[in-house]
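Some notes on the structure that comes next.
The values are calculated or read from the model by the stated rules, or taken from the named source; none is laboratory data. Quantities reported herein were computed from a predicted structural model and do not represent experimental measurements. Ligands, DNA and RNA are stripped out before the accessible areas are found, and what is left, the full protein with its side chains, is counted by its heavy atoms. Shrake-Rupley method; radii C 1.70, N 1.55, O 1.52, S 1.80 Å.
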Amino acid sequence: MARRDTPRRRDSGDDTPRGGSFLGRLFRGLAIWTLAVVLLAGIGLAAAVAITARSLPSYERLKSSQAGQMIVVRAADGSEIVTLGPSYGKWIPIQRMPRVMQDAMISVEDRRFREHWGVDPIGIVRSVYVRVEKGRWRQGGSTITQQLARNIFLNSNRTFDRKIREAVLALALETKFSKDQILELYLNKVYFGGGAYGVDSAARKFFGHSGEQLSLGEASIIAGLVKAPSHYSPTADAKAAVERAQVVLETMQDAGAITPAQASNADLKNIKLAEEAGQNSARYFTDWVLPQLDQVLPDNDQPIEVWTTLDPAAQHAATEAIQGNVPNGAQGALVSVDRDGAVLAMVGGTDYVTSNYNRATNAVRQPGSAWKLFVYLTALEAGYKPDDKVVDEPVTINGWSPRNSGGKYAGQIDVRTAFAYSKNTVAAQLGNEVGFGAVANMARRFGITTPINTMPSMVLGSSEVRMIDMVRAFAEVQAKGTSVTPYGIRKVTTTDGEVLYSHRDETPQQLVPDYVAAGITDLLQTAVSIGTGRAAQIGRPVAGKTGTTSSNKDGWFLGFSSGITTGVWMGRDDAKPVPGLQGGTAPARAFAAYMRSATAKRPPEKFQTELKLPQYQIEPDDEVLQNNPDNYFYVDPNGNIVNHQGQPTDAAQGTDGTTRAAPTQGRDDTVPVPDDQGAAASDDFLDRATGRQGSATAAARRTPSTTPHATATPRASARTGTTSANTY
């Protein structure tokens, strides 16, 4: 059978090119893989957001978190002196945040804040479109939530990695917190420049009032700062701030947050900006106070307010007094303390900006004749009285011959006059008589902390001192011889008012007897009334002392009135002479200018200058011992207590009626017996008993004295003018 060839019919599907089928499968594969990748990325993102949200701090923790410690330093009246570190102001809950502030910030920073989930795709697209159209970034795509995440958790580096983490954190924040909570955090934490974080801090810094009282114009200025705080700051460039605020108002109007009428009524040019606090002079005080926080409040890193003793009015008067009286080319310093030691004013130099070196607390300079305070305190304690006679005449002590200013000598005068006119020769004789070591000890007792030499010239102020130490010493004289410690911090609180530290007054210590304090006050008052300090008179009782160093390198005046003690120093930092500078000129005038203001609201106070001497100083020596001459005893060179007959005692009874045990070992049998068995021991007996017989000292002691006081040590006597060769 013949084969029949029949042509095959092509399947209709064969008409499609094989390549087309491949591309279709490829596209379908890519779509599936893309969907899978997107799905996996979405799952990964969701997991990352969930994990991040769980690890986020609580809302209360976020509220309290901050970058660095804020320290607000306040004056005695509560006014702010300076803010150091970031300033966060008071936290304003969203319910009390002005609506105009919320609307201004949302309009200019994130118009779709209420619609997105933390990241705004529409905003990102808009930002990219502007970038392509303008050729550079003109508009950011970050939302308020992203900015908050960056401010709290990240830095401002423009990296892709940081943007990814920022987006995850923003989504996590939106997951964990409400829109109002996020906006509240943002408005209280965003940086507005000048160290101000948050709306309240910015409002107080730029407008001088709380952030809860903002007007529309003020809110627009603050909202405009976020873009570039340093550029648009009202205190840096008021014109730029107003121009930026006008843009914010237009944006708010465009967003429907305000009407055209409200925008036009904002009146930006008439908004009153707060004057920046005068920090120049007061910074010397804060530089002295703030390091003390390490002692009174260690290990503290929370925001605090330091309430100080500084009186703004007194500080202003002190600054003007120094600047108005300091000689050209010289520096000046002033410290003023209240009767309890509270520092009312402190000026460490003529201008803090050009020199922040605090001459009031750090510099050491020679005090000149102001040091005589300690010489005369020691003499008064040793038995001198203001009316006692002394001799102003040339004197030489161990080759040193002091001279008076002007080279003149007054002869016999009283102690009061010698101090008032600052007689150097009398101070030298007194120091030599009572002992230079005793003078140094007195200075230490009254708070001098710097090294003190005991050379004869020390009586004229050759040892360097700190000004605040000298002010302390004069304050202790005003306190009738009791201790006073200068302080500057009254209390430290949190920003919510919790007291962390409160100053406690120290128990005062009696440094010298009352009659000594009264005597030196008498001398100090006379120095101002008729002596070298006459320029310090202010129409009420003033006590004080001038001080001038050689070649007019330093000028001092220190004194007190109505409970306030003030010291003034002037001179050059390089210790070069200042023509015409003396303690009784520019420093005394500056003292008077300041004290007139500082004491204006205080009643005048009379000084206690009446000497109430103890019994042993009122009665002559022979009357004191008249009841029982056996009361007199002394300690021999071996430490044995010996009576006036030269015999060791088992118990020696003192003039105060107490009985003292006496050693019986190691008796010196060579101790002489005085000729007169019934009287107090004579000077000749004491000289021989202590091994001084035959010396020039013994001869000096046997020289008749012109006063009823016995010379305590064999040195130059201010009363007699004699000089021995012995040194301290």
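Compute log10 of I(q)/I(0) for the range 388-434 with the Debye formula, placing one identical point scatterer on every Cα and leaving out solvent, at q = 0.13, 0.15, 0.25 Å⁻¹, to two decimals. After summing over all Cα pairs, the log10 values are -0.24, -0.32, -0.88. For ARG490, the residues 5 or more places off, or on other chains, whose built amide H falls under 5 Å of its own are TRP307, THR308, THR309.
Of the cross-linked pairs LYS389/LYS480; LYS179/LYS491; LYS90/LYS491, those separated by over 28 Å at the C-alpha level are LYS179/LYS491.
Here LYS239 is the anchor, and the lysines within straight C-alpha reach of less than 21 Å, apart from those fewer than 8 places off in the same chain, are LYS205, LYS227, LYS269, LYS272. Solvent-accessible surface (1.4 Å probe) assigned to ARG445 amounts to roughly 90 Å².
Rounded to whole Å, the principal axis extents of the Cα atoms in the range 207-327 read 56, 43, 24, largest first. The alpha-carbon atoms of the range 353-431 define a convex hull whose volume equals 140 cubic angstrom per residue. The gain in end-to-end length when the VAL247 to ALA228 segment is fully stretched comes to 5.5 nm, 0.36 nm per residue minus the alpha carbon separation.
What percentage of the solvent-accessible surface of the range 473-543, computed with a 1.4 Å probe over protein heavy atoms, is contributed by carbon and sulfur atoms?
Carbon-and-sulfur percentage of accessible area, whole number: 44.
Could you tell me what a quarter of the Cα convex hull surface of the range 229-269 works out to, in nm² with one decimal place? Display every interim value, and only then the final one.
Working: hull surface 11.5 nm².
Result: 2.9 nm².
Scaling against 2.2 N^0.38 Å puts the C-alpha radius of gyration of the range 152-271 at 1.17.
Carbon-plus-sulfur accessible fraction, the range 405-469 (probe radius 1.4 Å, protein heavy atoms only): 48%. For the residues ASP299, ASP388, a 1.4 Å probe over the protein chains yields an accessible-area ranking, largest first, of ASP299, ASP388. Principal axis extents of the C-alpha atoms in the range 186-226 (largest first, rounded to whole Å): 20, 17, 16.
Please work out how much length the chain gains when fully extended from ARG99 to ASN270, using 0.36 nm per residue of separation minus the C-alpha to C-alpha distance, in nm with one decimal.
Values: separation 171, 0.36 × 171 = 61.56 nm, distance 2.14 nm.
Contour length minus the Cα-Cα distance gives 59.4 nm.
What separates the Cα centres of the range 438-463 and the range 212-287 is a distance of 58 Å.
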